[in-house]
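Notes follow the structure.
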Amino acid sequence: MNSLDPRVNRLSTNTYPVPNEPTAPLDQFGTFEVFVQPKGDKPFQHEGIVHAPNLEMAYVLAKEAFTRRFVCVSLYVVDTANVAASPITEGDVNIYQRIEDRSDQPGEKLSYEIYHLTRRGKQHVHAGTVQAVNAQDAMVKAKHQFNSGKGICSVWVIQTKNIRFTLPEEKDLWNTLPEKKFRDASAYKGGDKLSVFLQSKQKSSDHSGHSDNADQ
Amino acid sequence: MNNIALKELLYKIADDQLILGHRNSEWTGMGPLLEEDIAFSSMAQDKVGQSLAMYTLLHSLGEGDPDTVAFTRRGNQFHNCVLVELPNGEYDFSLVRHFLFNTAEVIRFELLSTSSYEPLAQLAKKIRGELRYHTLHANTWIRQLGSSTEESIARIQASLNFSLPFAMGIFEASPHENELIESGVFAGEKALKQRWLAKVEEIIHQTDLHLPDLNTVEPVPGGRVGKHSEHLQPLLDEMSEVFRIDPTAEW
């Protein structure tokens with residue numbers, strides 16, 4: 001292999017034979033859902049997923065994957081398997097119309113976090129916390145406490161104890177050096193530099209074109 | 001205040017950050033998984049950013065401007081410890097180096113947050129949040145790989161054994177050690193090393209790893225006085241390639 005990138009040339013790829021067989025289908029990390037709080041007075045919103053071997057690693061990897069560029073005050077993660085999701089409705093149908101009331105069920109009340117999706121393609125946003133015996137029960141409770149009547153096309157429910165929250169002493173993770181323009185693609189003004197470069201090339205080729213003619 | 005002592009301190013901190021930042025950035029696009037690639041690259045950027053802040057302090061004390069200082073010195077003018085200039089090899093080594101170096105870095109800046117040299121104390125407070133993440137990242141990885149599979153434990157252990165002599169080089173005493181301590185600028189490498197060892201032990205004890213007796217480890221000094229391995233100069237040549245072609249280039 002011969003690459004313009006010296007790092008690639010340094011790789012001793014010959015010593016590591018690439019196996020021909022595909023890896024086992026489940027030989028991958030699981031996924032974890034990442035929620036970010038953009039400002040202190042804003043609710044947490046779903047930002048995306050990370051792959052990780054466990055919840056703590058997911059938190060570590062999510063922090064840089066989702067909050068290294070944008071303003072953020074807090075973050076938490078939860079195993080995707082611990083998210084109970086309602087179906088997504090079409091049109092203007094409110095998802096809570098599909099969730100039938102049920103009488104109170106026996107059992108210990110646990111804390112559940114409720115998230116609403118107000119439009120397809122948007123993110124689930126934290127709506128509040130309910131006490132319920134299970135995820136289904138939590139959706140019913142949410143219907144009574146947080147149903148604004150319209151514009152909710154999906155509900156997520158997560159048991160609070162399954163979430164890896166940011167600890168109070170970890171809040172300064174986002175208190176970083178402010179001079180981080182190098183993280184912002186637009187700060188490099190790549191387009192401007194390219195056009196200056198192309199113009200100078202154009203000029204020099206015009207110039208050399210003339211001298212070619214003069215030689216003839 | 002003795003400016004020579006202070007500058008020596010600032011240079012070694014800045015050079016450590018710049019060289020390790022550059023080394024770790026070599027993983028960009030080649031990390032073991034996408035999320036880790038992003039996280040490690042991002043921390044490498046943090047380290048380079050921190051070195052810029054340190055070179056800016058040096059500039060205010062009469063040294064050259066940060067780009068000149070970073071890109072035009074020869075290897076023997078750099079004060080980084082040898083640990084940070086070693087080539088990457090496999091990821092287990094990079095993680096162990098990251099862990100050993102960062103543990104010292106965090107304690108160093110904790111000590112500096114009460115420095116009598118006010119600009120340095122200010123900077124130490126400013127980068128606390130960044131360093132907290134670096135610590136969380138390093139410690140979590142070491143706990144994870146240091147107690148998961150036979151292979152991961154063996155790899156981390158081998159890298160730990162290999163790295164420790166170089167890690168001892170972090171604490172190579174400065175000729176101005178006493179002046180720095182007496183003037184309240186910095187508590188000194190000895191105090192730093194003691195606290196570093198306690199922290200490293202604490203994390204290693206949470207894993208299936210074993211920390212060799214440091215009395216049996218032969219330190220690799222020299223970096224602080226410009227005596228480097230053969231790996232530093234090629235790194236500098238590569239890092240300063242664009243600058244040497246066009247010192248006015250912006251990127």
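Read the figures in this text as sums done on the coordinates, not as results from a lab. Only a predicted model underlies this, so the values are computations on that prediction, with no experimental measurement involved. Backbone-built Cβ (ideal geometry, glycine too); neighbour counts: all protein chains shown.
Remark: spin-label model distance residue B:28-residue B:152 equals 2.8 nm, labels positioned 7 Å along the Cα→Cβ axis. Each Lys and Arg Cβ is given +1 and each Asp and Glu Cβ -1; about its Cα centre, the stretch B:176-251 then shows a dipole of about 260 debye.
The dipole here belongs to the stretch B:103-251: it is taken about the Cα centre, uses +1 on the Cβ of Lys and Arg and -1 on the Cβ of Asp and Glu, and is about 480 debye. Near residue B:118: Cβ cut-off under 15 Å, other residues only, Lys/Arg at +1 and Asp/Glu at -1. The net charge is +2. For residue B:148, nonlocal amide neighbours, meaning residues 5 or more places apart or on other chains whose placed amide H falls under 5 Å from its own, are B:153.
Over chain B, with a Gaussian network built from C-alpha contacts below 10 Å, which listed residue (B:16, B:37, B:46) shows the highest mean-square fluctuation? Of B:16, B:37, B:46, the most mobile in the Gaussian network model is B:37. Taking the alpha-carbon centroid of each part, what is the distance from the stretch B:1-56 to the stretch A:86-114 in angstrom? Going from one Cα centre to the other spans 50 Å. With contacts taken as Cα pairs under 8 Å at a separation of at least 6 residues, chain B carries a relative contact order of 26 percent.
Would you mind checking the pairs A:39/B:7; A:189/B:12; A:122/A:171; A:63/B:227 and listing those with alpha carbons more than 31 angstrom apart? From A:39/B:7; A:189/B:12; A:122/A:171; A:63/B:227, over 31 Å: A:39/B:7; A:189/B:12; A:63/B:227. Simple rule: put +1 on each Lys or Arg Cβ and -1 on each Asp or Glu Cβ in the protein assembly as shown, find the dipole, and look at B:86, B:232, A:78; the Cα lying farthest toward the positive end is A:78.
Assign unit charges at the C-beta atoms only (+1 for Lys and Arg, -1 for Asp and Glu), then state the dipole size of the protein assembly as shown relative to its Cα centre in Debye, rounded to the nearest 20. Present the calculation step by step, with values, prior to reporting the outcome.
Details: 47 positive and 62 negative charges, 261 e Å.
It works out to roughly 1260 debye.
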